[in-house]
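*Asks:* Below you will find the structure I want to go over with you.
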Amino acid sequence: MSLDEAARQLEAAIHDARVSFDCIALEELERAHTNAITARAAVDAAENAIRVELERRKDEDAKGSAPEGRIG
């Protein structure tokens, strides 16, 4: 998953959270609950994508800073 996908997931989470908020005001609790769950899932997916990218960059930096031909 790319950072673009992480951004898309966060946009989806914002939307679902707003829908959940509105449903609470309308006392549509089943729908509010469903949208709160989907918002959480989208945030979790975005967090995962960001974490993977951070780890990839750390690995890339570590490889780039190690002297050639030396171990350790």
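The values are calculated or read from the model by the stated rules, or taken from the named source; none is laboratory data. What you see is a predicted model, and the numbers here were worked out from it, not measured in a lab. Note that each Cβ is placed from the backbone with ideal geometry, even for glycine, and that neighbours are counted across all protein chains shown.
*Asks:* Among the residues of region 51-64, which ones are loosely packed, with under 13 Cβ neighbours inside 10 Å and within 21 Å of the chain's Cα centre (by Cα)?
*Replies:* Arg51, Leu54, Glu55, Arg56, Arg57, Lys58, Asp59
*Asks:* Which condition does Gly64 not pass, out of (1) outside any helix (DSSP H, G or I); (2) modelled with pLDDT under 95, if it passes all the others?
*Replies:* Only one criterion is unmet by Gly64, namely (1).
*Asks:* For region 31-50, give me the residue count where each residue is exposed (fewer than 15 other Cβ atoms within 10 Å of the Cβ) and either under 9 Å from the mean Cα position of the chain (by Cα) or β-branched (Val, Ile, Thr) (or both).
*Replies:* Count: 5.
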